[in-house]
1. What gaps in nm, shortest first, separate B:Leu224 from its twins in the other copies when you place the label 7 Å past Cα toward the beta carbon?
2. Where both partners of a DSSP beta bridge lie in chain B, what percent of those bridges are antiparallel, to the nearest 5?
3. Could you state the number of Å between the C-alpha centres of the stretch A:193-231 and the stretch A:10-37?
4. Report, largest value first, the span of the C-alpha coordinates of the stretch B:24-153 along each principal axis, in whole Å.
5. Kindly provide the helix-only [θ] at 222 nm of chain B, computed as the sum of -39,500 (n - 2.57) over DSSP H runs of four or more divided by all residues, to the nearest 500 deg cm²/dmol?
6. Using the alpha-carbon atoms, what tilt in degrees (0 to 90, nearest 10) does helix B:47-59 show relative to the longest principal axis of chain B?
7. For label points placed 7 Å from Cα toward Cβ, what is the shortest-first list of nm distances from A:Glu48 to its copies?
8. Taking 7 Å along the Cα-to-C-beta vector as the label spot, tell me the B:Glu216-A:Thr175 distance in nanometres, rounded to one decimal.
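Read-outs: derived from the displayed coordinates by stated rules, not from any lab. Everything numeric in this text was worked out from a predicted model, so none of it was measured. Every residue, glycine as well, gets a Cβ built from its backbone with ideal geometry; the counts of neighbours run over all protein chains shown.
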There are 2 protein chains.
Amino acid sequence: MNVILASTSTLFGGNYLEYLKDELITLFAGIDEIIFIPYARPGGISHEEYTAKARDFFSQLNISVKGLHEFNNPIEAIHAAQGFFTGGGNTFLLVKTLHELGLMKHLSENIKLGKAYLGCSAGSNIGGINMKTTNDMPIVYPPSFDCMELVPFNLNPHYLDPNPELKHNGETRETRIMEFLTQNSIKVVGLREGNWIRILGDEITTQGSENTRIFEAGKAPYELSPGSSLL
Amino acid sequence: MNVILASTSTLFGGNYLEYLKDELITLFAGIDEIIFIPYARPGGISHEEYTAKARDFFSQLNISVKGLHEFNNPIEAIHAAQGFFTGGGNTFLLVKTLHELGLMKHLSENIKLGKAYLGCSAGSNIGGINMKTTNDMPIVYPPSFDCMELVPFNLNPHYLDPNPELKHNGETRETRIMEFLTQNSIKVVGLREGNWIRILGDEITTQGSENTRIFEAGKAPYELSPGSSLL
């Protein structure tokens, strides 16, 4: 496989996908068109506008971008595509739409055959086994929480360390993931902003500027430095 | 109805339910036993230990507490009860358990007949129309997101204002609730910690130390001071 699952599309103070530019040149080498999957975006901007935002960025790499919503037959479009990019937004809306249109398994199949895939945030969550470790609000009810299982674990994008200053009784991210582990025996990769998971052939590694926090049932959470294997 | 739906069980630096003590004396006046619903708690402490924590507090009010998990027939127990308290934890786990045991509608019926109900956090979420505005992680898949609809709106407990200092690209609470409103035409009551909703007869008011933030489709979010009607 040839995949990047990134914590975020945009670093604080940066421009859209800017920090990933060199990586994306490698990921999409030899490709002149990709399909953008805009379904995570819950209003505010339309699928059309969201696709235009991706198109703007990829024009710098001489890669053209078509929105999956533009095709009358999205399943055929997925099978004909050279590569894919799924943008962030709300994971519940993304997963609901992919399941209802019957696209989840077709996307997964094509990526597992070696087509390049970039996911950011919600688009990264769907690379995991299921979406049960998303941070998003359940604004819609998907027919299933199952995802593409490109990796043998779950992701928590935008992973955020506890703020000891906060006088607030809501659960920390770490507490929420530990609660997930009481109900599921699935490893969780807490991806801080600035980090991504790279799948290249049979290797799965953590990459980026930050350490990555790993949660497994029955173990204390631990940190991996950039370049570490996630297998 | 005679109901309190509180943002949190515990204020920062305070003890369990302490800030609500005077209100609970009024809510449960004339009642010597309530049923505690411990299902939101995902491990860490058992249903037994969680019930003991509630029992400790209510012993000060001369009210005895039985855990709903102690009954062989929880439906009968709900119909025989004088009042109820649902503790916080994970809303997905609470809603899944209540639906799977067939308890959601029985609980709702009994509260709508006038039996006293206290909810905290996840226990307050289930007083809304549905759980689509919870902050919790979807660690399990409930058969439905529908809740008791004690109030004609949804709740967001532990409502947290955006932190302008945070150099992080995850969505703010306000952004998440605005995303909910793109998919649903249901009012959302953002309950800051220290606040609760009081249902007394036909009146529904916001109470507590903080203003309450209200979100409605097609309107800018606005604030209500304590004592305001939510109808």
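1. Output for B:Leu224: 4.8 nm, nearest copy listed first.
2. Details: 19 of 38 bridges.
Taking every DSSP beta bridge within chain B, about 50 percent pair in antiparallel fashion.
3. 20
4. The Cα atoms of the stretch B:24-153 stretch 37, 33, 27 Å along the principal axes, largest first.
5. Values: 7 runs with 61 residues, N = 231.
That comes out to -7500 deg cm²/dmol.
6. 80
7. Listed shortest first, these distances are 6.3 nm.
8. Distance between the two pseudo-spin positions: 3.3 nm.
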